[in-house]
Amino acid sequence: MSFSIAHFLAERRDGAVHRREDLLEFARLAGSKELPDYQISAWLMAAYLNPLSLEETVGLTLGMAESGERLDLTGLPKPWVDKHSTGGVGDKTTLVLLPLLAACGLTMVKMSGRGLGITGGTIDKLASIPGFRTDLSSQEMIEQASRIGLALTGQTPALAPADGVLYGLRDVTQTVASIPLIVSSILSKKIAGGAEVIGLDVKCGSGAFMPTAEAAEELATWLSKVGKACGLSLHVTITDMDQPLGQAAGNLIEVLEAFRVLSRQALSPNEKRFETLCIELATETLVAVGQHDAKAVVEKALDDGKALEKALEWTSAQGATTSPLDLTLAEPRQTITATQSGFAQQVSALRVGEAVLEMGGGRKKKTDVIDLTVGVVTLVQVGDKIEAGQPLFHLHGNPDQCAAAAAVLQDAVTVVQAPVEPRPLILKRL
Ligand code: URA
């Protein structure tokens, strides 16, 4: 039986099982814009209400991955590796992991997104480096990765175009939050990106897409199962996003923090927590590709300056006209202090993300133009002993931006009288 969109819609509406070939054809037609938005939207709502099975999600994922080009990394040294984070506040891990793992000998190719809402996007962070290009073509990606071992580009319509169409419609039809649709969206782009080994960081907490441990674990399990069924070597870690990652949240400010880690500068306790995550995730990826003494290899690449060297080679290869090491940020304009003494029970990633958004450092809607220079520095962590009057946050922005952020950060830190045990940074490995 050939594909019929009417039959396909009725199947989803009635909770029947789609055939693999129909899912592939649906994704192909969506990607080539041969289906009207109203029929795709109707299917998305039906798929939200009658979620796809694991098997069906594999079909949709493969169909979306095949809906456009696939980066052909043939000829580049193996392993071909990618990393992905489901996104959080202050999550600048890509900026460290890409050059760090490339310095350890892996070929790193990555497509990254722009930020929307409280979670920032790597493409915006990198846009704060003057001249840095985030629009490399497939050809340029392959050429650069073969020359220096890493390349990163923004989402291009050439790769997994069905995801561009489906995601755009999910965004306006309240159908984003469906695990099979999220999983197929993330993994189809990973498959189209050409890598074979993928480190996936599922963030869990107030500053993440998945606020609860149960939700994060469900997403992580689906990603792992569907990824493996699609032939990927997938390594999933669930990590904490209840408090911001590192001390910096914003765009330029996060690039500066990443380069402080890469250049082994003296770090604040919050920056150390970010560094720890980078080292853990890099180590896991190296273990996954069979590297012995993986942690020592990662530490050495940082200690002997190879990771920093690779990062500078990368930014320069992608057009940076200024070294990130020469970039600076204006002095903070406002400091928020603690009103009482005790112990920090909560340092809300959600509030910090909202504060950056209010300052104009993030997008409320897709078309917003963002201010790359604003940001929030978080000076405390969950479990810290707090003295009244102690600085909790520095705000970088103009007076209006700082006032907007300060209003949001009023209740960002909860102080209690009994000592608090922070939850671990790495919550689970799958
Ligand atoms: N990130 C994606 O790429 N797709 C989703 O659906 C959600 C998060």
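If we keep just the residues of region 256-305 that are of a type in the set (Gly, Ala, Ser) and on the phi > 0 side of the Ramachandran plot, which is surrounded by the most Cβ atoms within 10 Å (Cβ to Cβ)?
Gly305
Specify which of the listed residues (Leu126, Leu152, Leu73, Leu98) is in a helix (DSSP H, G or I), closer than 20 Å to Gly194 by Cα and not polar (S, T, N, Q).
Being in a helix (DSSP H, G or I), closer than 20 Å to Gly194 by Cα and not polar (S, T, N, Q) holds for just one of Leu126, Leu152, Leu73, Leu98, which is Leu98.
Tell me, please, whether a residue that is open to solvent by 10 Å² or more (accessible area, probe 1.4 Å), closer than 27 Å to Thr239 by Cα and part of a helix (DSSP H, G or I) can be found in region 79-94.
no
Test each condition in (1) assigned to a helix (DSSP H, G or I); (2) among the acidic types (Asp, Glu); (3) in contact with a strand residue (DSSP E or B) (Cβ under 7 Å, 6 or more places away or on another chain) for Glu25 and report the one that comes out false.
Of (1) assigned to a helix (DSSP H, G or I); (2) among the acidic types (Asp, Glu); (3) in contact with a strand residue (DSSP E or B) (Cβ under 7 Å, 6 or more places away or on another chain), only one is false for Glu25: (3).
In region 206-220, what residues are out of contact with any helix residue (DSSP H, G or I) (no Cβ under 7 Å at 6 or more places or on another chain) and within 16 Å of the ligand (Cβ to nearest atom)? Full working, then the answer.
Just the residues of region 206-220 that are out of contact with any helix residue (DSSP H, G or I) (no Cβ under 7 Å at 6 or more places or on another chain), to begin with: 208-209, 211-217, 220.
If the condition is that a residue be out of contact with any helix residue (DSSP H, G or I) (no Cβ under 7 Å at 6 or more places or on another chain) and within 16 Å of the ligand (Cβ to nearest atom), then Ala208, Phe209, Pro211, Ala215, Ala216, Ala220 are the ones that fit.
Restricting attention to region 102-114, does a residue exist that is open to solvent by 20 Å² or more (accessible area, probe 1.4 Å), closer than 20 Å to Gly227 by Cα and in contact (Cβ under 8 Å) with a residue 60 or more places away in the chain?
yes
Hey, can you tell me all the residues within region 167-191 that are away from the ligand (no atom under 12 Å from the Cβ) and touching a helix residue (DSSP H, G or I) at 6+ places or on another chain (Cβ under 6 Å)?
Listed by number, the residues that qualify are Thr173, Ile191.
Only residues that are open to solvent by less than 40 Å² (accessible area, probe 1.4 Å), closer than 15 Å to Leu425 by Cα and of a type in the set (Ser, Thr, Tyr): list them for region 205-229, please.
Residue satisfying the conditions is Ser206 alone.
Sort out which residues of region 21-57 are closer than 18 Å to Trp222 by Cβ and open to solvent by 70 Å² or more (accessible area, probe 1.4 Å), and write them in order of number.
Answer for region 21-57, where residues must be closer than 18 Å to Trp222 by Cβ and open to solvent by 70 Å² or more (accessible area, probe 1.4 Å): Tyr48, Leu49, Pro51, Glu55.
The values are calculated or read from the model by the stated rules, or taken from the named source; none is laboratory data. The shown structure was predicted, so the numbers you read here are calculated from the model rather than taken from an experiment. No Cβ is skipped: glycine too gets one built from the backbone with ideal geometry, and neighbour counts run over all protein chains shown. Note: areas computed on protein heavy atoms with side chains; ligands, DNA, RNA excluded. Shrake-Rupley method; radii C 1.70, N 1.55, O 1.52, S 1.80 Å.
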